[in-house]
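Here's the structure we're looking at; comments come further down.
The values are calculated or read from the model by the stated rules, or taken from the named source; none is laboratory data. Because the structure is a prediction, the values reported are computed rather than measured. Here Cβ is always computed from backbone atoms with ideal geometry, including for glycine, and neighbour counts include all displayed protein chains.
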Ligand SMILES: Nc1ncnc2c1ncn2[C@@H]1O[C@H](COP(=O)(O)OP(=O)(O)OP(=O)(O)O)[C@@H](O)[C@H]1O
Ligand SMILES: [Mg+2]
């Protein structure tokens, strides 16, 4: 095992061996480089080492080539050369304990979340709402939360929007103004999301991130691989979803202080998508989560072609860097090289900018934090070869892994339990029934004799009171079946997602 040497993760070899200090892994990492330079293989090698150390891993697999981790690798001349030149003893080609997830449910356990869980901030981003519409959505969530109404899927949100629009005057004093125009705009954005297949995310059983924390029989951390090829066709969906996962992790984990190794390592491929076109407020939140999640023992790795794609404020929080070759064809690329070179502590024995353009595939400039958190001088090094297969596996192989997974039954079937839609529909039906009843009574009352008129009026007054409370009553009756959120106010965390 790479890790058996000294309790550290051996990831590369230059003039000497380079070890990642596990107690500093929560100071996050960056793997960057032009296309085809070896980023994904580096990700695999680091993930394999974490797994061998007993750290579970989550990886977003964009091209399907991470899926090979469920099969042992096989020798080729590059790997042979690495093994020989780096002096790797007892190199064993081996598979890793892998769980596959897929939002679309084709190449892994279906991944779902609820609208309530995702929260108004991320949903606004997903829907591309304006600030005003975002404000309205927040009000709608507040009302639903205060009433303990779960918004599980899109039809729950739709009926909640309608309910708030219908009762805007009543809610205005407590929550603020909600215009029909904003509600209309949100409804239209929801339609677009549905057309793009985005509604597939929302429903139950929702992914319980606690399931990522598992180990193989031999104690190696489970590799949770999210197959993203299809999801990636909708970049906004992809980035919002991964952002949600990160915030769920943050909400789930307790403060951990300084640990000797991370609790989980999270690998975020095509990381620039997280920051593309993100409004400032959201960027600040991402930055905040990346900073705060450190003390919960989460190691986040960003993988991207150009490190300049990642905002300065996030880059500043990254302690461990593996920079593969960069190209210098355009002025922008030249700027990126200068920026990447500047992020390293100079090594007097070479020119960082020049070497950055010369690096071969699988070779990189590496700088990691030492046990005191001090960044090491940049080293030119070859990344170790991966032990598992570097190729994408056939869907049938993934199918077998999924069929044998202990999570199979938990997530397989979608369920549609009682939530806002059902409760509000029931309330509306109740109100209608009530109105019909009243109309009937009215008619009967008319027929009655003159002297009974006064009495009837009083009865009507009482009945109309009943009507306004029909919603509350129906909600109270049915809410007892809702489950964990029953009757209590829902509390939102840092990102507006639900606190657990
Ligand atoms: N450390 C390594 N040891 C052995 N071979 C490697 C190593 N790194 C890269 N390679 C070889 O280079 C190929 C390309 O690497 P990889 O897929 O990691 O590039 P990438 O930077 O992720 O590319 P893209 O931007 O297209 O995703 C691999 O399929 C493998 O054959
Ligand atoms: Mg790649």
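Among residues that are more than 30 Å from residue 409 (Cα to Cα), away from ligand 1 (no atom under 16 Å from the Cβ) and crowded, with 24+ Cβ neighbours inside 10 Å, residue 57 is not included. Criterion applied to 68, 64 was being within 16 Å of ligand 1 (Cβ to nearest atom), assigned by TED's automatic domain parsing to the domain that holds residue 219, touching a residue at least 60 places away in the same chain (Cβ under 8 Å) and on the phi > 0 side of the Ramachandran plot, and the one residue passing it is 64. Residues that are near ligand 1 (Cβ under 7 Å from one of its atoms) and buried (at least 23 other Cβ atoms within 10 Å of the Cβ) within segment 20-36 comprise just one, 33. Taken together, the residues in segment 220-235 that are crowded, with 18+ Cβ neighbours inside 10 Å and within 23 Å of residue 201 (Cβ to Cβ) amount to 9.
Note on segment 48-164: enclosed helices (runs of 4 or more DSSP H) holding 1 or more residues that are over 27 Å from residue 495 (Cβ atoms) are 77-86. The condition (being buried (at least 20 other Cβ atoms within 10 Å of the Cβ), modelled with pLDDT of 95 or more and under 31 Å from the mean Cα position of the chain (by Cα)) is satisfied by just one residue among 388, 419: 388. The condition (being over 31 Å from the mean Cα position of the chain (by Cα), at pLDDT below 80 and either buried (at least 16 other Cβ atoms within 10 Å of the Cβ) or assigned by TED's automatic domain parsing to the domain that holds residue 51 (or both)) is satisfied by just one residue among 462, 474: 474. Of everything in segment 396-407 that's outside any loop (DSSP other than H, G, I, E, B) and touching a strand residue (DSSP E or B) at 6+ places or on another chain (Cβ under 7 Å), which residue is surrounded by the fewest Cβ atoms within 10 Å (Cβ to Cβ)? Filtering segment 396-407 for residues that are outside any loop (DSSP other than H, G, I, E, B) and touching a strand residue (DSSP E or B) at 6+ places or on another chain (Cβ under 7 Å), the one surrounded by the fewest Cβ atoms within 10 Å (Cβ to Cβ) comes out as 401. If you go through segment 199-211 and keep only what is in a helix (DSSP H, G or I) and in contact with a helix residue (DSSP H, G or I) (Cβ under 6 Å, 6 or more places away or on another chain), you end up with 199, 209.
Listed by first and then second residue, the pairs with beta-carbon distance under 6 Å, at least 6 apart or on different chains, first residue in segment 15-26 and over 12 Å from residue 49 (Cβ atoms), second assigned to a helix (DSSP H, G or I), are 26/294.
Taking the criterion of being at negative phi and in a helix (DSSP H, G or I), would at least one residue in segment 320-329 satisfy it? No: segment 320-329 contains no residue that is at negative phi and in a helix (DSSP H, G or I). Just one residue in the set 378, 393, 355 is crowded, with 21+ Cβ neighbours inside 10 Å, assigned by TED's automatic domain parsing to the domain that holds residue 311 and more than 30 Å from residue 100 (Cβ to Cβ); that residue is 378. Filtering segment 369-391 to residues that are more than 25 Å from residue 73 (Cα to Cα) and either away from ligand 1 (no atom under 16 Å from the Cβ) or out of contact with any strand residue (DSSP E or B) (no Cβ under 8 Å at 6 or more places or on another chain) (or both) leaves 369, 370, 371, 372, 373, 374, 375, 376, 377, 378.
Checked against the criterion of being touching a strand residue (DSSP E or B) at 6+ places or on another chain (Cβ under 6 Å), away from ligand 2 (no atom under 16 Å from the Cβ) and within 26 Å of residue 360 (Cβ to Cβ), the candidates 91, 100, 96, 50 yield just one match: 50.
Just one of the listed residues (151, 107, 157) is assigned by TED's automatic domain parsing to the domain that holds residue 283, buried (at least 20 other Cβ atoms within 10 Å of the Cβ) and in contact with a strand residue (DSSP E or B) (Cβ under 9 Å, 6 or more places away or on another chain), and it is 107.
If you go through segment 24-38 and pick out every residue that is over 21 Å from the mean Cα position of the chain (by Cα), within 11 Å of ligand 2 (Cβ to nearest atom) and not in a loop (DSSP other than H, G, I, E, B), you end up with 0.
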